[in-house]
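These notes concern the structure reproduced below.
The values are calculated or read from the model by the stated rules, or taken from the named source; none is laboratory data. Values in this document were obtained by computation on a predicted structure and should not be read as measured data. Note that we place each Cβ from the backbone using ideal geometry, even for glycine, and neighbour counts take in every protein chain shown. Side chains are part of the model used for accessible areas, which takes the heavy atoms of the whole protein and leaves out ligands, DNA and RNA. Shrake-Rupley method; radii C 1.70, N 1.55, O 1.52, S 1.80 Å.
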Amino acid sequence: AISIQIANVIRQFVVLKTITWYGNTHDLIIYSAIFRLFSFVSVPILGILQPLQPVLGVNYGANAFERCKSAIHTFKYTAVIAAIFLLLLMFTFSEFFIGLIIPDEQINMIDLRFMRIALLSLPFFPLASSAIIFYQATGNGKKASLLPILKQVILFLPLLILLPYFLG
């Protein structure tokens, strides 16, 4: 859990620095609102996945590997379906949801497009989370700790640094 928090802190630091470097105050406000919405919407998804760890732990300990596989698929796909439902809700009522967080800020179509692009990753969230939960439940704490760090350092941070440079 601490590795996830460390990776999140590093990511947030780099994201905020990049926004202040390439953007303005309005961009920072929009990003903060989008991040809050994403965090809020991801709570039910994590709630669906939370009971997966004890289910996996018990079945893995009993050498019931088929039940582990079945549980992973059931929980993961249920969370993906919930994520898609929440994503559709966010897409349909984008202005309303972002307006709840920043009611006094002027929101334009570009801001709404950024919000929709950021929220597109929501259905993939359960896939990464279920992998981390699997490694935690099966006693592979090192792999569970490394996954979020590698995701941030190898995938996200290089994209965050390179995309603004090439796309402006």
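Of Phe134, Phe91, which residue is aromatic (Phe, Trp, Tyr), surrounded by 13 or more Cβ atoms within 10 Å (Cβ to Cβ) and more than 30 Å from Asn24 (Cβ to Cβ)? Steps first, answer last, please.
Values: Phe91 fails: more than 30 Å from Asn24 (Cβ to Cβ).
The unique qualifying residue is Phe134.
Please specify each residue of segment 94-116 satisfying the condition of being open to solvent by less than 100 Å² (accessible area, probe 1.4 Å) and closer than 15 Å to Phe35 by Cα.
Here is the first cut: in segment 94-116, the residues open to solvent by less than 100 Å² (accessible area, probe 1.4 Å) are 94, 97-99, 101-103, 105, 107-108, 110-112, 115-116.
Scanning segment 94-116 gives Ser94, Phe97, Ile98, Gly99, Ile101, Ile102, Asp111, Leu112, Met115, Arg116.
Looking at segment 137-168, which of its residues are open to solvent by less than 70 Å² (accessible area, probe 1.4 Å) and more than 25 Å from Ala118 (Cβ to Cβ)?
The first filter runs over segment 137-168 and keeps only residues open to solvent by less than 70 Å² (accessible area, probe 1.4 Å), leaving 137-141, 144-145, 147-149, 152, 157-158, 160, 164.
Within segment 137-168, Ala137, Thr138, Gly139, Asn140, Gly141, Ala144, Ser145 meet the criteria.
Would you mind stating whether Ile34 is of a type in the set (Val, Ile, Thr) and open to solvent by less than 50 Å² (accessible area, probe 1.4 Å)? Steps first, answer last, please.
Values: of a type in the set (Val, Ile, Thr): yes; open to solvent by less than 50 Å² (accessible area, probe 1.4 Å): yes.
Criteria met by Ile34.
Look through Asn59, Asn63 and report the one residue that is at positive phi and over 20 Å from the mean Cα position of the chain (by Cα). Can you show your working first?
Working: Asn59 fails: at positive phi.
The match here is Asn63.
Is at least one residue of segment 54-62 exposed (fewer than 13 other Cβ atoms within 10 Å of the Cβ), modelled with pLDDT under 95 and under 24 Å from Arg116 (Cα atoms)?
Looking for residues that are exposed (fewer than 13 other Cβ atoms within 10 Å of the Cβ), modelled with pLDDT under 95 and under 24 Å from Arg116 (Cα atoms), one finds none in segment 54-62, hence no.
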